[in-house]
Structures are given as C-alpha cells and as structure tokens.
1. Filter the GluC sites (Glu not before Pro) in the range 100-174 down to the DSSP loop ones having no more than 13 other Cβ atoms within 10 Å, then list what survives.
2. Got a sec? What order do Leu123, Leu42 fall in by accessible area at 1.4 Å, biggest, i.e. largest, first?
3. Quick one: 3J(HN,Hα) in Hz for the range 9-24, Karplus 6.51/-1.76/1.60 with θ = phi - 60°, rounded, Gly and Pro as x.
4. Taking all pairs of different Cα atoms in the range 100-161, averaging 1/r and flipping that mean, what Kirkwood radius in angstroms comes out?
5. Considering only the other residues whose Cβ falls under 13 Å of the Cβ of His32, what net charge follows from Lys and Arg at +1 and Asp and Glu at -1?
6. Which longest run of the chain has no exposed loop site in it, a site being trypsin sites (Lys or Arg not before Pro) in a DSSP loop with at most 14 other beta carbons within 10 Å, and the site itself not part of the run?
7. For the chain, modelled as a GNM with alpha-carbon contacts under 10 angstrom, which of Asn109, Asn165, Asn17 fluctuates the most?
8. Which one of Cys80, Asn196, Thr209 has its Cα pushed farthest toward the positive end of the charge dipole of the chain, where Lys and Arg give +1 and Asp and Glu give -1 at the Cβ?
Amino acid sequence: MNHTNTPYDDVFRTLLNDCRQLILPVLNELFHEHYTGKEQILFSPNEHFLNQQDGKEQERITDNSFKVIGTEEKKYHLECQSSPDNSMLIRIFEYGAQIALDEGELKDNTLTVTFPHSAVLFLRSNSHTPDYMKVTILTPGTAASYEIPIMKFQTYTISELFDKNLLLFIPFYIFSHENHFKEYDTNQTQLQKLQNEYEEIKNRLEKQTKENLISEYTKCMIIDMSNKVLEHIA
C-alpha cells in the first residue's frame with residue numbers, strides 16, 4: 001500500500017527543507033542529542049524502490065530522511081502522521097532497511113548496514129498512544145531490537161514550544177484545540193482565547209526575529225505554513 005501525502009506532510013517537508021535548522025531542536029528532544037545549530041544537514045532522496053517478492057519494484061516516498069554531520073555523522077528518518085494506521089510500523093522498517101542498504105558497505109564477504117534513528121511525529125494522540133514502538137529482528141542464532149520514539153504534538157504548550165525551541169511544531173499547534181472546534185463555533189469567549197494564543201505566537205516569533213534567533217524568512221515560513229494547516233483543518 002502506498003503512503004498517500006496529505007497537506008500536513010507537505011507542510012512538514014516544506015519546513016524541513018526550507019528551514020532545516022528547525023529540525024535540530026526536535027532531534028535533541030527526541031533522541032537526547034546536544035546539537036547546537038551549527039551542524040550540517042544533508043537530505044537523502046525521498047524516493048526508494050522496494051523489492052517485492054514477485055521480483056517487481058514498488059516506489060515508496062519517505063517523509064524525510066537525512067544526515068546530521070557534527071562531531072559525528074548520524075542518519076535519521078522521521079514520519080509525520082496525522083493518525084496512526086496498522087501499516088505504519090511496517091513502512092518505517094521498510095524505509096529504514098532500504099536507507100541502510102543504500103549505504104551498506106560490502107567488505108571481506110561481510111555486508112554492514114546501518115539503520116537510521118527513526119521516530120514518528122503524531123499530530124493527533126490520546127491516552128492510548130504509546131511513547132515508543134519497537135522493531136525486533138530475529139536472525140539465525142541472535143536477535144536485535146530497537147525502539148522508535150513517538151513525539152506527540154498535542155501535548156506541547158506554547159511556552160514549551162518556545163522554551164525548547166520546537167518552532168517546527170508551531171504550524172501544527174492547532175491540533176491541540178481540535179476537540180474544541182464545535183465549542184469555538186458557538187462560544188465567542190473561547191474563540192477569542194484561541195485567537196489570543198495565536199497573537200501570542202505571532203508576537204513571540206516577531207521577538208525572536210528581532211533578536212536574530214530566527215531569520216525573517218523562517219518567521220514568514222512558519223506563519224505561512226500555520227495558515228495552510230489552519231485552512232485545511234478548519
């Protein structure tokens with residue numbers, strides 16, 4: 001089954017490719033890294049051709065795979081999901097295996113492959129959403145397991161987004177209010193509170209721009225992508 005792109009996927013990719021330094025604080029949050037913002041980010045091709053059992057190849061589009069080059073080089077693969085589906089973990093493993101194979105090293109009759117650090121970013125979550133998923137690989141005589149952390153957008157407040165520099169999440173902040181949309185349609189006071197929150201976001205982005213923490217371009221991209229998500233979800 002092919003993974004169908006959504007407007008949210010497009011927003012996520014656009015921000016990563018056009019404002020790629022925004023991903024480093026997310027990696028710090030997900031994988032407990034200590035990236036400073038000076039590291040180099042290199043994106044990999046999103047299209048991968050997966051070999052099928054019948055010998056045919058099937059094209060799959062990854063959400064994002066890239067390398068971060070700092071004191072060492074690490075590979076990452078992120079999936080942005082509006083809602084979970086049963087095939088997601090299979091896709092993550094398929095993508096990870098293909099990414100690893102693309103840069104596998106064959107030497108002295110030994111093939112060495114390095115799987116990327118993978119994670120899932122959920123736009124929607126609830127009390128049953130796990131904190132991580134797990135892949136276990138059984139091989140003759142041994143086994144290997146690795147965890148795939150899950151980040152839940154809806155659990156972050158505005159203050160947390162700015163305090164942790166998770167500006168990449170701002171366009172998706174509206175998902176934390178999704179369960180209250182009907183109330184906003186009938187309660188002007190609650191709607192005004194929501195509008196005040198977005199005014200606060202805009203002001204804090206403007207402040208970061210004036211302090212040269214982000215560029216004018218990044219600020220405009222975050223606002224434009226926020227509007228795109230708002231238009232679609234509304």
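The values are calculated or read from the model by the stated rules, or taken from the named source; none is laboratory data. Worth saying up front: this structure is predicted, and the values here are computed from it rather than measured. So basically every Cβ, Gly included, is an ideal-geometry build from the backbone, and we count neighbours across all protein chains shown. Accessible surface areas use protein heavy atoms only, side chains included; no ligands, DNA or RNA. Shrake-Rupley method; radii C 1.70, N 1.55, O 1.52, S 1.80 Å.
1. Here the sparse-neighbourhood loop sites are Glu103.
2. Leu42, Leu123
3. My calculation for the range 9-24 gives 4, 5, 4, 4, 5, 4, 5, 5, 7, 8, 10, 5, 5, 5, 6, 5 Hz in order.
4. 14.7 Å
5. Combined, the nearby Lys, Arg, Asp and Glu give -1.
6. Free of exposed loop sites, the longest segment is 57-163.
7. Result: Asn109 has the largest fluctuation of those listed.
8. Asn196
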